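Below is one structure; the comments refer to it alone.
What follows is calculated from the coordinates using simple rules that are stated; it is not laboratory data. Because the structure is a prediction, the values reported are computed rather than measured. Cβ: placed from backbone, ideal geometry, glycine included. Neighbour counts: every protein chain shown.
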Amino acid sequence: MAGSGKKTFQIFFFALAILLFSSNGSKLSVGARSPSPSAANTVTPSPAPTAIEPPASVDILAATPPMGWNSFNHFGCSVDESLIRETADAMVESGMAALGYQYVNIDDCWMAPERDADGNLQPDPQKFPHGMKALADYVHSKGLKLGIYIDRGTKTCGGLPGSYGYEIQDANQLASWGIDYVKDDNCSVVGNLMDDYTKMRNALNATGRPIVFSMCSWGFPGMLVARLDVAHLWRTSSDIKDNWDSMIKIGEANNAYAIFAEPGHWNDPDMLEVGNGGMTDSEYRTHFSLWAIMAAPLIAGNDLRSMDQATRDILMAPEVIAVDQDPLGIQGVRLSSPNAGKGFEIWSKPLAGTNTRAVLLLNRSEIEASMSVRWTDLDLPAGPAAVRDLWARSNLGIYHNGYGAIVQPHAVVLIKVTSVESHAVAPFVLRITME
Ligand code: GLA
């Protein structure tokens, strides 16, 4: 340049702008970055797969993981009909219902301490003075569904009447009220797990009402239960607590059972704590992302009537919800890698369509980390792929062979990766320096 005695010309040639389209037809932005993922974060590549399509018929109950709300994480035993009505109102007014949240679930402590003279369960008359049928009618009038809690033993965990020996009577009672979702807990047990839950499942089926059946036996109930179609979802852990360690350990435990998840049957790592105050917003984003990539039920556990903006933004992140609700119903898994043990984890979930994955870069450590993934780690072909940031809801561009990002402690980057068709030409930059 002038004054330096040196002439430098930088000439940039951009490849002919060939329109790049993803497999679903949307136009993608073009980038020119090409990260060099560290081998340390990767797994052994395997052959590229072909398109994966959703099952032909998804006309089944809980075809995607149930979405809704449950009273227990925030309110414990303090439930009454005003809370349930107001929660139903808030679910609609907040926009959550429009995004797929539909079950309003009453947990423990809704019952009167004794059954009535005919042996029927009855709601606590102080808490539910208008009864459960009226409440179900109200919730249904909002376009939502009502869920309720029972226990397979002789008493609920709150010490109220259990359903042991009353399975048929209770199933008929709940169906007559218009209940749409039953969570069956595990306190004061006298029978055995398989028999108790099978009896209740059969009794609910016999009512003829479509009722989602949620087993709550505080740990994976065993391959037999999962394979015998007993429940739509089953808890895989003890109760979640509103802190990072509890959440992340439960998420990890749930990973082991990924093979059992499918449309109509889901591993349940417990209800969400998002918005309850015990974690940072970033940790809650991690919580929600992890549940989404694991195709876990998204059952909010906060007070929907008083959510701050950060909580709304997490619970109502449409593209994160879409990962959870993907029609393929495959539970994403953590990829094995040497760095996973240090807290730098890559999770991957196949999504419907051709060569499409949700990918979670999860930093469980206390330090900022540079994390990366290669397409071949994801069973995707090497070469160009479109990357979209699902929290920011923006296209990041076309990346060749892999993607890397800085991930903050206890935080995530959640992306969607879609291989670009083979005829696409990648952009390049050529720099010529002349003396
Ligand atoms: C158990 C369950 C919780 C909740 C409480 C209610 O602990 O695991 O999810 O239902 O009982 O008492």
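Quote to one decimal, in nm, the extra length available between T154 and R209 on full extension: 0.36 nm per residue of separation minus the C-alpha distance between them.
Details: separation 55, 0.36 × 55 = 19.80 nm, distance 2.48 nm.
Gain in length upon complete extension: 17.3 nm.
Label Q309 and I259 with points 7 Å out from Cα along Cα→Cβ: what is the distance between them in nm?
4.7
Give me the net charge of D389's neighbourhood, meaning all other residues with Cβ under 13 Å from the Cβ of D389; Lys, Arg count +1, Asp, Glu -1.
Values: positive: R285, R388, R393, K416; negative: E319.
Once all neighbours under 13 Å are counted, the net charge is +3.
With a cut-off of 8 Å between alpha carbons and a minimum separation of six or more residues, what is the relative contact order of segment 294-435 in percent?
Numbers: 240 pairs, mean separation 29.2, N = 142.
21 percent.
In debye to the nearest 20, how big a dipole does segment 67-324 give about its Cα centre with +1 on each Lys and Arg Cβ and -1 on each Asp and Glu Cβ?
In total the dipole reaches around 460 debye.
Give the residue list of GluC sites (Glu not before Pro) in segment 322-417 that are DSSP loop and have at most 16 other beta-carbon atoms within 10 angstrom. Don't jump to the answer; show the numbers that get you there.
Details: sites: E345, E366, E368; in loops: E366, E368.
Counting only loop positions with at most 16 other Cβ atoms within 10 Å, the GluC sites (Glu not before Pro) in segment 322-417 are E366, E368.
Please name which of I299, A90, L193 has its Cα lying farthest along the dipole of segment 67-324 towards the positive end, using unit charges on Cβ (Lys, Arg +1; Asp, Glu -1) and the Cα centre as origin.
Farthest along the dipole direction, towards plus: L193.
Given a Förster distance of 41 angstrom, what is the FRET efficiency for S176 paired with A382, based on the Cβ-Cβ distance and rounded to 0.05?
It comes to 0.10.
Between T354 and D116, what is the spin-label point distance in nm, taking each point 7 Å from the Cα along the Cα→C-beta axis?
6.1
For segment 67-324, what relative contact order do you get, as a whole percent, if you take Cα pairs closer than 8 Å and at least 6 residues apart?
Details: 493 pairs, mean separation 45.7, N = 258.
Relative contact order for segment 67-324 comes out at 18 percent.
How would you rank Y164, Y284, going from fewest to most other Cβ atoms within 10 Å of each one's own Cβ? Let's see the in-between values first.
On the way: Y164 20, Y284 26.
The most exposed by this proxy come first: Y164, Y284.
I'd like the distance between the alpha-carbon centres of segment 259-326 and segment 76-139, rounded to an integer number of Å.
22
So for the pair K142, H130, with labels modelled 7 Å out along Cα→Cβ, what separation do we get in nm?
Distance between label points: 1.2 nm.
Let's test the formula: R0 of 60 Å, r as the Cβ-Cβ distance of N192 and E93. What FRET efficiency results, to the nearest 0.05?
0.85
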